[in-house]
Amino acid sequence: MSKEEPSPYEKLYNKAKWKTLDKYLSMAKQENLNEEEAKKYFDERVVHDKRVPKAQFIPIVSKHPHGYQMDTFINNKEAGGLNYLMFININTRKAYAYPMNGKGAREVLTALHKFVNDVPHVYSITSDEDAAYLSSTVLDFMREKNIKYRTTTENNHNVLGIINRFMRTIRDAIGENRFIQPKEMHDLVNIYNNSPHRSLDNKAPNDITPEDEIKYIQKNARINPYHFNPGEKVRLVLEKEPFGKRRSNLSNESYIVDSQKGNQFVVKSKDGSTSSFPGYRLLRTRDKRIKVAERLNEGKEGIIEKIYNFDEDTGKYDLKWEGVEGDDAFARQTIRDVRRGNPLVLGTAERQYWLEQKKNYERQIKAGQKVEGKPIPDKIMKYI
């Protein structure tokens, strides 16, 4: 059966560089096409942008005292160059900076030791997914110090807004791309910590008392202004591109809301892959012309239905995604990917898998069967 020949209006649309009505009608006129038919085709073919409501941002607050954000201040891009590991208290805004030779796991660990020595009562640390932060040595340190460690995803770097603004303040103070020696960095951080902050009712971070921090939490910890029900269709509000023009405010395809995770909403595509977004990045749609996306985030994330096997040599799990059929339902993922966002915490599927392994091991011992090794590897056991 031969494929149907596209209409002249479709051919014109496909070769149109800019998908705007005025441009399309202008080209249609040049091609001697009927203007009314061209407009009708364009209206049916193109999903127009909706007005995106003003974003309602939730203040970045640690609901517990002693919550920190962490990031690396790139001072010298050369290997082994002088950089700084930065920390800032989310509520009091008190900042710290520790010199590092390079930005590898060993240097990060050394800086972390110094930080925890200076600030012994760290409750939590949030950072991005830098490979050095997710190294086994750094994760072991976080676990041993009983620090709740979380990471952000690429869709919600605003979570790190406090430390991003702090580092921007440092750069603005000395000029972009200027090298900073340790003594100067110490002085800059000291000035920052002794300067009044509008967000702190014009108090300086060094002047904030434990009572002030509790009041700050009570004042700024708010209920999420966004609410989406599981099963709702949403489009993604596209982030602004600092360079270049963008012709659309919203994604061309839609996604299905799966659940809420903290202040984030988990959405999924047809193949079951998922990603998390803050509420201001989502907009409900009932437009039947908006098709549900086949895939999301290159299929890197999903809701795990079951884990079947763990390869100790590679450190990877064999698993099945929930709500996915065929070969796409099965995947092999690293421990890091399975625990994305909470690198020190075993998820439900991971914990259930190891519970079953332990039971099987005990049953074999009870039956008098010869078993080798441990039911749960040490690299896993230390997180249980």
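Within region 291-315, restricting attention to residues that are part of a loop (DSSP other than H, G, I, E, B) and without any contact (Cβ under 8 Å) to a residue 24 or more places away in the chain, the residue that is surrounded by the fewest Cβ atoms within 10 Å (Cβ to Cβ) is ASP313. Name the residues in region 68-86 that are open to solvent by less than 20 Å² (accessible area, probe 1.4 Å) and assigned to a loop (DSSP other than H, G, I, E, B), would you? Passing the criteria: only GLY81. Contact map, region 94-117: residues that are at positive phi paired with residues that are modelled with pLDDT of 95 or more, Cβ distance under 7 Å, separation 6+ or inter-chain. Pairs shown: GLY102/ASN83. Restricting LYS270, LYS288 to residues that are under 24 Å from ASP327 (Cα atoms), part of a loop (DSSP other than H, G, I, E, B) and at pLDDT below 90 narrows the list to LYS270. Taking the criterion of being closer than 20 Å to VAL266 by Cα and among the hydroxyl-bearing types (Ser, Thr, Tyr), the residues of region 279-328 that qualify are TYR280, THR285.
Can you tell me which residue within region 361-378, out of those that are surrounded by 12 or more Cβ atoms within 10 Å (Cβ to Cβ) and of a type outside the set (A, V, I, L, M), is farthest from the chain's Cα centre (by Cα)? Ranking the qualifying residues of region 361-378, first place goes to GLN364. Within 25 Å of GLU144 (Cβ to Cβ) and over 25 Å from the mean Cα position of the chain (by Cα), is that true of LYS358? Here the answer is yes, as LYS358 does meet what is asked.
Tell me yes or no: at least one residue of region 219-226 is surrounded by fewer than 13 Cβ atoms within 10 Å (Cβ to Cβ), at pLDDT below 95, in contact with a helix residue (DSSP H, G or I) (Cβ under 9 Å, 6 or more places away or on another chain) and more than 25 Å from MET167 (Cβ to Cβ). Among the residues of region 219-226, at least one is surrounded by fewer than 13 Cβ atoms within 10 Å (Cβ to Cβ), at pLDDT below 95, in contact with a helix residue (DSSP H, G or I) (Cβ under 9 Å, 6 or more places away or on another chain) and more than 25 Å from MET167 (Cβ to Cβ), which makes the answer yes. Any residue at all in region 256-273 that is in contact with a helix residue (DSSP H, G or I) (Cβ under 8 Å, 6 or more places away or on another chain), surrounded by fewer than 17 Cβ atoms within 10 Å (Cβ to Cβ) and among the acidic types (Asp, Glu)? Scanning region 256-273, I find no residue that is in contact with a helix residue (DSSP H, G or I) (Cβ under 8 Å, 6 or more places away or on another chain), surrounded by fewer than 17 Cβ atoms within 10 Å (Cβ to Cβ) and among the acidic types (Asp, Glu), so the answer is no.
Residues satisfying the criterion are present in region 316-326 (criterion: open to solvent by less than 40 Å² (accessible area, probe 1.4 Å), part of a loop (DSSP other than H, G, I, E, B) and more than 26 Å from THR126 (Cβ to Cβ)). With respect to TYR383, is the statement that it is touching a residue at least 12 places away in the same chain (Cβ under 8 Å), touching a helix residue (DSSP H, G or I) at 6+ places or on another chain (Cβ under 9 Å) and either over 30 Å from ASN249 (Cβ atoms) or polar (S, T, N, Q) (or both) true? Answer is yes for this residue.
Can you pull out every residue in region 202-225 that is in a helix (DSSP H, G or I), out of contact with any Ser or Thr (no Cβ under 8 Å at 6 or more places or on another chain) and within 30 Å of GLN264 (Cβ to Cβ)?
Hits for region 202-225 are PRO210, ILE214, LYS215, GLN218, LYS219, ASN220.
Restricting attention to region 358-367, does a residue exist that is in contact (Cβ under 8 Å) with a residue 40 or more places away in the chain, part of a helix (DSSP H, G or I), farther than 21 Å from LEU296 by Cα and aromatic (Phe, Trp, Tyr)? Scanning region 358-367, I find no residue that is in contact (Cβ under 8 Å) with a residue 40 or more places away in the chain, part of a helix (DSSP H, G or I), farther than 21 Å from LEU296 by Cα and aromatic (Phe, Trp, Tyr), so the answer is no.
Cβ-Cβ distances below 7 Å connect the following pairs, each with a first residue in region 192-207 that is closer than 14 Å to ASN89 by Cα and at pLDDT 95 or above, a second residue that is open to solvent by 80 Å² or more (accessible area, probe 1.4 Å) and not in a strand (DSSP E or B), and a separation of six or more residues or different chains: ALA204/ASN194; ALA204/PRO196; ASN206/ASN194. Cβ-Cβ distances below 9 Å connect the following pairs, each with a first residue in region 130-150 that is without any contact (Cβ under 8 Å) to a residue 60 or more places away in the chain and among the aromatic types (Phe, Trp, Tyr), a second residue that is surrounded by 17 or more Cβ atoms within 10 Å (Cβ to Cβ) and assigned to a loop (DSSP other than H, G, I, E, B), and a separation of six or more residues or different chains: PHE141/ILE147.
Just so you know, in region 327-351 the residues that are open to solvent by 90 Å² or more (accessible area, probe 1.4 Å) and assigned to a helix (DSSP H, G or I) include one that is farthest from GLY272 (Cα to Cα), and it is ARG351. Identification of helices (runs of 4 or more DSSP H) wholly contained in region 118-201 with 2 or more residues that are of a type in the set (Val, Ile, Thr) and crowded, with 19+ Cβ neighbours inside 10 Å yields 161-174.
The values are calculated or read from the model by the stated rules, or taken from the named source; none is laboratory data. This one's a predicted model, so the numbers in the text were calculated from it and none came from an experiment. All Cβ positions, glycine included, derive from the backbone under ideal geometry; neighbour counts span all protein chains shown. For the accessible areas, the whole protein counts, side chains as well, though only heavy atoms, and no ligand, DNA or RNA atoms are used. Shrake-Rupley method; radii C 1.70, N 1.55, O 1.52, S 1.80 Å.
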